[in-house]
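The values are calculated or read from the model by the stated rules, or taken from the named source; none is laboratory data. These numbers were taken from a predicted model, which means no experiment stands behind them. Every residue, glycine among them, receives a Cβ derived from its backbone with ideal geometry; neighbour counts consider all protein chains shown. Surface areas here come from the heavy atoms of the whole protein model, side chains and all, with no ligands, DNA or RNA. Shrake-Rupley method; radii C 1.70, N 1.55, O 1.52, S 1.80 Å.
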Amino acid sequence: MPSKNIPKNISQLILENHPLAPLTTWRIGGAAARLAAPADLADVWGLMRLAYDRGWPLFFLGRGSNVLIDDAGLPGLTLHLAKSLQGLERHGDNLRAGAGVSLPRLAQAAARLGFSGFEFLAGIPGTVGAAVRLNAGAEGQSLAGVLKRVWVATPQLQLLELTPPELGLGNRTSLLLNFPHWLVVEAEFNLAHPADPEVVKARMAALIAQRKTRQPANPKSCGSVFKNPAGAPAAGWLIEAAGFKGHRLGDAVVSRKHANFILNAGHATAAQIKALMTEIQEKVWQTQGVALEREVVLLPEDLA
Ligand SMILES: Cc1cc2nc3c(=O)[nH]c(=O)nc-3n(C[C@H](O)[C@H](O)[C@H](O)COP(=O)(O)OP(=O)(O)OC[C@H]3O[C@@H](n4cnc5c(N)ncnc54)[C@H](O)[C@@H]3O)c2cc1C
């Protein structure tokens, strides 16, 4: 279990008024009032305690591939985890990963160790911590299929150990959506399916190549904006049927290749993306009777 020491001089880690757009795949959003990249778990505790004591709202940012940050930026303190908590180690039949480990790195590590089951993660550009929160998935598989347990830090400085049933992992959902200030710090995965590393690597490469044929070439997106609704056609199909392919609002453009992707075709603002999302939700509901639910997180709104 991760340890819980609190370092002194923690406020030295904090950068003020730091631009956030470059830390997101959409390249959109204002600045963080305060940004800190914890080097380790001790820093996490220190920063959480500082935010708690000072009454600062607390935000987390991994690789920024599933967030839309408001044009006005974020108040309080944002913990940037893309380069933090990078531990990745085998423990017998398990693989333990820090929350900041990228999903492609996790998939490659499992392949190198000679285990299959993680290939679907190779093309998802996020971190382990955020992936647990939303039960990230692809190719009909999700994190729930390989996850054994996670450790979560709470703003009250508790360290909780949770299993998949306790996390309530479902279709792009988990208990953590109800507790957005709980930080996943570490996750443990089952290494259950031994396989030839070269075969696993070839399968990963094939999945990544397949993805490239389906997804837009412009990397400035957040992946799928809306969840695929249960018992209805895929969100991309519904948005295309509502006539949105290529639809543009300023520099926010619905991809012609995959209508569930909204691209930043230049200098799109968060306001333009939000207005386009609302327009899509309204029209899909009016024309097809389906209420699309956002997959992407709006910050700070969704944490207010
Ligand atoms: C091109 C592209 C393709 C994509 N394809 C897929 C796909 O196939 N399947 C899929 O599921 N997703 C996909 N995504 C979405 C995204 O990559 C995943 O949701 C990913 O898990 C987000 O990770 P992140 O580190 O970028 O999270 P961020 O965008 O940085 O954060 C997302 C949310 O998680 C919270 N968070 C971040 N770290 C933690 C933590 N340690 N503990 C608790 N909460 C945390 C943040 O507060 C925020 O609310 C795609 C995105 C892009 C851009």
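For T213, the solvent-accessible surface with a 1.4 Å probe is about 100 Å², rounded to the nearest 10. When you count the other C-beta atoms within 10 angstrom of each residue and take the mean per peptide, 175-181, 93-99 line up highest first as 93-99, 175-181.
In this entry, the chain is assigned a mean projected area of 15.2 nm², taken as a quarter of its C-alpha convex hull surface.
Across the range 10-80, C-alpha contacts under 8 Å between residues 6 or more apart give a mean separation that, scaled by the residue count, equals a relative contact order of 41 percent. Largest first and in whole Å, the equivalent-ellipsoid semi-axes of the range 88-212 read 25, 15, 12, each the square root of five times a Cα gyration tensor eigenvalue.
A Cβ-based charge dipole, computed about the Cα centre of the chain with Lys and Arg at +1 and Asp and Glu at -1, lands at about 580 debye.
At the residue level, W285 shows approximately 150 square angstrom of accessible surface with a 1.4 angstrom probe and all protein chains present. Here D53 and L175 are evaluated by their C-beta separation; at R0 = 41 Å the FRET efficiency comes out at 0.95. In this structure, the amide hydrogen of S65, modeled 1.01 Å from its nitrogen in the peptide plane, lies closer than 5 angstrom to those of T25, counting only residues at least 5 positions away or on a different chain. Can you pick out the pairs among K201/K245; K212/K274; K227/K283; K83/K227; K148/K227 whose Cα atoms lie more than 23 Å from each other? Beyond 23 Å between Cα atoms: K201/K245; K212/K274; K83/K227; K148/K227. Scanning the chain for DSSP H helices at least 24 Å long along the axis (C-alpha atoms) with a Kyte-Doolittle mean no lower than -1.0 picks out 197-214, 270-288.
Length available on full extension from A265 to R248: 0.36 nm per residue minus the Cα-Cα distance, which gives 5.2 nm.
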